[in-house]
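**Student:** Below is a structure I'd like to ask you about.
The values are calculated or read from the model by the stated rules, or taken from the named source; none is laboratory data. Note that this is a predicted model, so its numbers are computed, not measured. Using ideal geometry, Cβ is built from the backbone for each residue, glycine included, and neighbour counts are taken over all protein chains shown. Only protein heavy atoms, including side chains, enter the accessible area calculation; ligands, DNA and RNA are left aside. Shrake-Rupley method; radii C 1.70, N 1.55, O 1.52, S 1.80 Å.
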Amino acid sequence: MQMWYTHYMASSTTYDVVSPARLRAAGWLSMGASFLTLPWFLFTYLAEGRGDASIKGAEALMLVGRLALLIYVLLVFQQLLNKHYAFTGANKTISLFIQASTIQVAARLLALAVPELADAVALFGLIMLVIIGVIHLMFGIWLLYLPASLGGMHRPFCYLNIATGLAFASIVLLPVGMLTSTIADLMLGTILLQTARLPRLT
């Protein structure tokens with residue numbers, strides 16, 4: 001995973017800025033993800049424990065699709081930070097977030113394929129939730145050092161990520177974390193869409 005991530009970032013350094021088309025795509029995807037958060041968790045809850053192959057297949061597709069969307073949006077945002085704002089302070093946490101999310105999805109897919117491991121994977125999932133919460137917290141803190149306003153959304157976006165991290169890491173405040181994460185996704189989408197309209201990127 002780390003080798004793929006490094007190769008992807010290196011292969012995209014031939015451009016001075018991120019293309020407006022890529023920013024718009026990531027922006028709309030981020031917003032779409034925020035609106036799908038609640039239906040996604042409802043589907044996961046209702047599908048829990050059901051052995052129907054079609055249900056498992058649908059859940060697996062949603063897991064992989066959601067992960068792919070997350071990775072794309074995060075990488076585009078990182079490229080924006082690196083190239084447009086010359087800020088690399090959040091690179092490590094973005095890389096960790098992608099890796100942790102990939103491990104979390106892989107574990108869930110394993111549980112779908114081998115139901116006997118469901119209990120062990122559920123426990124592992126709680127551990128990963130805490131880890132992802134800590135990464136969210138670190139991401140929000142490091143991003144505070146970005147010397148840009150992001151259209152006035154810089155600090156609110158950072159604080160939302162910090163709040164999300166604290167909620168996820170506590171486990172008991174997971175519903176609060178889902179809410180703050182959804183708002184953060186909407187805000188990130190707005191940031192990307194607004195940046196795509198800047199003259200420097202056209």
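**Student:** Extent of the chain along each principal axis, from alpha carbon coordinates, in Å, largest to smallest?
**Tutor:** That works out to 54, 31, 29 Å along the principal axes.
**Student:** Which of 69, 137, 166 ends up with the largest GNM mean-square fluctuation for the chain, with Cα atoms connected below 10 Å?
**Tutor:** Result for the chain, Cα springs under 10 Å: 69 fluctuates most.
**Student:** For the chain, what % of the accessible area comes from carbon and sulfur atoms, probe 1.4 Å?
**Tutor:** Details: 7640 of 10540 Å².
That fraction is 73 percent.
**Student:** For segment 155-172, take each phi angle, set θ = phi - 60°, evaluate the Karplus expression 6.51 cos²θ - 1.76 cosθ + 1.60, and give the result in whole Hz per residue in order, putting x for glycine and proline.
**Tutor:** Values per residue, Gly and Pro as x: 5, x, 5, 4, 5, 5, 5, 5, 5, 4, x, 5, 5, 5, 5, 6, 6, 5 Hz.
**Student:** Okay, next question. Only Lys, Arg, Asp and Glu count, each charged at its Cβ (+1, +1, -1, -1), so figure out the dipole size of the chain about its Cα centre, rounded to 20 debye.
**Tutor:** On the way: 11 positive and 7 negative charges, 135 e Å.
Value, rounded to 20: 640 debye.
**Student:** Accessible area per residue, 1.4 Å probe, Å², for the chain: what's the number? Mind showing how you got there, number by number?
**Tutor:** Numbers: 10540 Å² over 202 residues.
Averaged over the residues of the chain, the accessible area is 52 Å².
**Student:** I would also like to ask the following. What are the ³J(HN,Hα) couplings of segment 100-106, residue after residue, when phi is run through the Karplus curve with 6.51, -1.76, 1.60 and θ = phi - 60°? Round to Hz, x for glycine and proline.
**Tutor:** So the J values, rounded to whole Hz, are 5, 5, 5, 5, 4, 5, 4.
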